[in-house]
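What follows is a short report on a single structure.
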Amino acid sequence: MEKAGFVNITVKEFYIPVGIWHKDKELAEKGLWWKVSYARGNSLLGYLNYIFNVVMGWTPEETAVYAKHLRKELNNPNIHAYFKGRTVYDRKPQPGEVPEPN
């Protein structure tokens, strides 16, 4: 992004609990939304299909079996898993603004 001329590049890393197990109310709510978005339906399978089928060479059937097992594990309240996320944002320089060299 620097090479493209963007400025004020900001990277924020965060952790989201998988499910509603977290004691912190806000994190538990984020975990609930993650669960609604990915653990239910086909979003999880779609994500796994690319990684497991294309990158690792699994068959779609093998991936579907694994996704079913993973979904079951993600719904286990005794497993307190997180996933790490990252957000990166920046802006174009204003007219006449010169980016600081690194």
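FYI, it's all coordinate maths here, none of it is from the lab. Keep in mind the model is a prediction, meaning the values are calculated, not measured. Methodologically, a virtual Cβ is constructed for each residue, glycine included, from the backbone with ideal geometry; neighbour enumeration extends over all protein chains shown.
Name all residues of the stretch 72-99 having a backbone nitrogen under 15 Å from the label point set 7 Å from the Cα of K23 along its Cα→Cβ direction, giving them as ranges.
Counting backbone N atoms under 15 Å from the label point, the list is 80.
What full-extension length gain, to one decimal in nm, is calculated for F14 and M56 as 0.36 nm per residue of separation minus the Cα-Cα distance?
Numbers: separation 42, 0.36 × 42 = 15.12 nm, distance 2.69 nm.
Full extension of this stretch gives 12.4 nm more.
Which of the GluC sites (Glu not before Pro) across the stretch 1-58 are loop residues per DSSP, with 12 or fewer other Cβ within 10 Å?
On the way: sites: E2, E13, E26, E29; in loops: E2.
Counting only loop positions with at most 12 other Cβ atoms within 10 Å, the GluC sites (Glu not before Pro) in the stretch 1-58 are E2.
Report the charge-dipole magnitude of the chain in Debye, nearest 20, computed about the Cα centre from +1 at each Lys and Arg Cβ and -1 at each Asp and Glu Cβ.
Working: 14 positive and 11 negative charges, 69 e Å.
Roughly 340 debye, rounded to the nearest 20.
Please work out the FRET efficiency for the pair Y82 and A4, using the Cβ-Cβ distance as r and a Förster radius of 30 Å; give the result to the nearest 0.05.
Details: r = 32 Å, r/R0 = 1.06.
The calculated FRET efficiency here is 0.40.
Just flag the trypsin sites (Lys or Arg not before Pro) in the stretch 1-59 sitting in loop per DSSP whose Cβ has no more than 14 other Cβ atoms within 10 Å.
Numbers: sites: K3, K12, K23, K25, K30, K35, R40; in loops: K3, K23, R40.
Here the trypsin sites (Lys or Arg not before Pro) that fit, given the DSSP loop and packing criteria, are K3, K23, R40.
Using only Cα atoms, tell me the angle between helix 60-74 and the longest principal axis of the chain; keep it within 0 to 90° and round to the nearest 10.
The helix 60-74 is inclined about 90 degrees to the chain.
With axes computed from alpha carbons, what is the tilt in degrees of helix 25-34 against the longest principal axis of the chain, rounded to the nearest 10 within 0 to 90?
Helix 25-34 sits roughly 80 degrees off the main axis of the chain.
Greater than 26 Å separation of Cα atoms is the criterion. Which listed pairs, K25/K92; K12/K72; K12/K68; K25/K84, meet it? Present the calculation step by step, with values, prior to reporting the outcome.
Working: K25/K92 36 Å; K12/K72 30 Å; K12/K68 32 Å; K25/K84 19 Å.
Beyond 26 Å between Cα atoms: K25/K92; K12/K72; K12/K68.
Starting at the first residue of the stretch 78-89, write each ³J(HN,Hα) from the Karplus equation 6.51 cos²θ - 1.76 cosθ + 1.60 with θ = phi - 60°, in whole Hz, x for Gly and Pro.
With coefficients 6.51, -1.76 and 1.60, one gets 7, 9, 9, 9, 10, 10, 9, x, 9, 10, 10, 9 Hz.
Could you list, bin by bin from short to long, the percent of Cα-Cα pairs of the chain in 5 Å steps?
Percent of pairs per bin, in order: 2, 11, 15, 15, 13, 11, 10, 9, 8, 4, 2, 0.
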